[in-house]
Amino acid sequence: MKLNKEIFREYDIRGIWEKDIDEEVSYHIGRAFATKLLSYGKDTMIVGYDNRISSKTIEENLVKGLTDSGVNVVRLGLVTTPMYYYAWDKLNIKCGIMVTASHNPKEYNGFKMSYNGIHNCFGKEVLDLYYVIINGIYAEGKGNISNYNIKEDYIKMINNHITLGENKIKVVYDCGNGTTSIIAKDIFISNKNIEYIPLYDTSDGNFPNHIPDPAVEENLKDLKKKVLEVHADCGIAFDGDGDRVGVVSEKGKYIPIDKYMVIIWRNIYNKVKNKKGFYDVKCSNVIKDELIKLGIEPIETRTGNSYTKKISYENDYPFGGEYSGHLYFRDKFIGNDDGIYGGLRLVEILSNKKTTISEELKDISVYYSSPEVKLTVEDSKKANIIDRVEEYVKNKGYTYHTIDGVKVIYPDGFALIRKSNTGPNIITRYESKDKEKLKQIEKEFTSLLNKLKEEE
């Protein structure tokens with residue numbers, strides 16, 4: 001068996017179907033995970049899969065590998081990742097695997113894994129599976145298989161954590177033909193004060209209309225158009241496996257998630273006891289400014305939902321999130337990153353107040369920001385390039401930190417250069433209160449990265 005070490009990434013396993021991941025690889029990942037799980041004294045776990053074309057085949061071979069090593073498997077079938085997360089608590093089975101590649105293009109697939117039912121595996125926990133497979137020494141046994149339909153439990157749970165007001169809200173929601181297509185309508189239809197207009201809510205793992213990644217504004221162009229066309233109060237979009245959300249205002253404007261976090265904080269800050277909130281390094285300073293203004297201590301974290309999920313749980317932060325759209329509500333929710341719930345929290349605010357998204361954001365700090373830009377770099381070369389960027393900024397005497405990659409701190413902005421944990425890319429993002437300064441920052445580091453890439 002040919003096994004590509006590079007698919008064992010920082011916080012999941014992810015690669016291209018039939019090139020990096022096939023039936024055999026899926027089976028051996030099952031054997032390896034089961035072997036590690038049993039070593040922790042656990043013998044029962046949950047498995048779910050998303051709506052990618054390859055997911056069902058991968059899941060079948062994964063489950064065979066798990067049971068051949070003596071682990072009992074509860075199969076959820078086709079579910080969103082948040083439905084899978086909720087099953088941890090509902091079934092009191094604190095471990096499992098979700099077959100998904102999240103927002104990646106259709107040819108990708110992968111595995112989100114957990115040994116503790118709190119957060120997904122990351123770092124050494126992921127890489128250890130590679131070495132178990134290479135050594136080929138697995139636990140032996142014969143595990144049992146059972147099935148559980150989590151759908152109705154999940155719908156009830158979501159509705160129990162949302163309190164809509166008297167205002168009827170018109171919502172356009174875009175599933176991007178991803179896995180939320182199997183559940184979103186059932187949730188929206190059960191709330192009488194929501195008038196919903198679905199967009200691309202037919203499940204299709206080929207993602208024929210756009211890649212289901214709400215953090216990329218280009219993917220939301222149809223949503224923005226539809227919001228304006230039907231005079232909706234908001235538009236919300238979900239990623240491929242449903243654990244992230246994107247937001248569009250009543251004016252058809254894309255609302256970056258850090259600005260959406262401002263709306264949430266303005267509506268909960270005086271109701272929470274824990275006066276701390278977190279955001280990842282990619283977020284605009286607009287969220288930091290707002291938290292300070294509200295009397296909330298800002299906590300900056302590295303990117304990656306395995307890390308942020310862990311941080312959220314361990315510190316019981318009432319709310320926080322990532323620029324990509326992972327949001328963690330603990331003020332009155334169970335804390336899972338759930339795109340549908342994240343969107344409904346906006347609907348809840350709008351239904352209880354005579355306000356609009358634009359009004360909620362009218363007086364926030366103004367920063368000019370670049371979008372995330374991905375520079376294709378071989379996985380084996382990413383770390384060295386980041387090290388050389390750090391050397392460069394150090395020699396320049398810049399103020400910076402290395403929470404995640406290299407982030408240069410300016411009086412009115414930043415330059416962030418970090419390696420992707422999900423693909424062969426270096427990712428950049430720049431911000432300043434001055435448009436010309438932003439152009440200068442972007443030009444300096446774009447030139448530097450192109451030079452470093454050529455030299456590698």
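How many of the residues making up region 375-429 are in a loop (DSSP other than H, G, I, E, B) and touching a residue at least 12 places away in the same chain (Cβ under 8 Å)?
Number of matching residues: 12.
Pairs please, first residue from region 62-88 and over 12 Å from Met98 (Cα atoms) and free of Cβ contacts under 8 Å to residues at least 60 places away in the same chain, second anywhere and part of a helix (DSSP H, G or I) and basic (Lys, Arg), Cβ atoms under 8 Å, 6+ apart in sequence or on different chains.
So the pair list comes out as Gly65/Arg31.
Any idea which residue in region 363-374 is farthest from Glu454 (Cα to Cα), counting only those that are modelled with pLDDT of 90 or more and part of a loop (DSSP other than H, G, I, E, B)?
Among residues in region 363-374 that are modelled with pLDDT of 90 or more and part of a loop (DSSP other than H, G, I, E, B), the one farthest from Glu454 (Cα to Cα) is Asp363.
Kindly list, by first and then second residue, each pair from a residue in region 248-275 that is buried (at least 18 other Cβ atoms within 10 Å of the Cβ) to a residue that is in a helix (DSSP H, G or I) and among the polar types (S, T, N, Q), limited to pairs with Cβ atoms under 7 Å and residues at least 6 apart or on different chains.
Pairs found: Ser249/Ser358; Glu250/Ser358.
For the list (1) closer than 23 Å to Tyr86 by Cα; (2) at pLDDT below 95, I need the number of the one condition that Ile340 fails.
(2)
Considering each of Asn149, Asn167, Asn104, Asn116 in turn, give the residue that is without any contact (Cβ under 8 Å) to a residue 24 or more places away in the chain and in a loop (DSSP other than H, G, I, E, B).
Asn116
Any chance region 203-217 includes a residue that's surrounded by 17 or more Cβ atoms within 10 Å (Cβ to Cβ), closer than 22 Å to Val47 by Cβ, more than 18 Å from the chain's Cα centre (by Cα) and assigned by TED's automatic domain parsing to the domain that holds Ile311?
Yes - at least one qualifying residue is present in region 203-217.
Can you tell me which residues in region 72-89 are surrounded by 20 or more Cβ atoms within 10 Å (Cβ to Cβ) and either of a type in the set (D, E, K, R) or assigned to a helix (DSSP H, G or I) (or both)?
Thr81, Pro82, Met83, Tyr84, Tyr85, Tyr86, Ala87, Trp88
Taking region 420-440, which residues are surrounded by fewer than 20 Cβ atoms within 10 Å (Cβ to Cβ) and either farther than 29 Å from Ala101 by Cα or among the basic types (Lys, Arg) (or both)?
Lys433, Asp434, Lys435, Glu436, Lys437, Lys439, Gln440
Considering only residues that are within 21 Å of Lys19 (Cα to Cα) and small (Gly, Ala, Ser), look in region 102-122 and name the one that is nearest to the chain's Cα centre (by Cα).
Ser102
For region 214-262, name all the residues that are closer than 24 Å to Tyr368 by Cβ, of a type in the set (Phe, Trp, Tyr) and outside any helix (DSSP H, G or I).
Across region 214-262, the qualifying residue is only Tyr254.
Kindly establish whether Asp387 is more than 18 Å from Lys282 (Cβ to Cβ), modelled with pLDDT of 95 or more and surrounded by fewer than 21 Cβ atoms within 10 Å (Cβ to Cβ).
yes
Given the structure, is Glu166 acidic (Asp, Glu) and at pLDDT below 95?
Yes, satisfied.
Where residues in region 149-187 are within 19 Å of Arg330 (Cα to Cα) and among the β-branched types (Val, Ile, Thr), which of them is farthest from the chain's Cα centre (by Cα)?
Result: Thr163.
Among the residues that make up region 33-42, is at least one of them among the charged types (D, E, K, R) and in contact with an Asp or Glu (Cβ under 7 Å, 6 or more places away or on another chain)?
yes
For region 393-419, name all the residues that are within 21 Å of the chain's Cα centre (by Cα) and surrounded by fewer than 19 Cβ atoms within 10 Å (Cβ to Cβ).
The answer is Ile403, and nothing else.
Would you confirm whether or not region 286-306 contains a residue that is small (Gly, Ala, Ser), farther than 25 Å from Cys234 by Cα and over 14 Å from the mean Cα position of the chain (by Cα)?
Yes, region 286-306 contains at least one residue that is small (Gly, Ala, Ser), farther than 25 Å from Cys234 by Cα and over 14 Å from the mean Cα position of the chain (by Cα).
The values are calculated or read from the model by the stated rules, or taken from the named source; none is laboratory data. As the structure is a computational prediction, the values presented were derived from the model and not from experiment. Note that each Cβ is placed from the backbone with ideal geometry, even for glycine, and that neighbours are counted across all protein chains shown.
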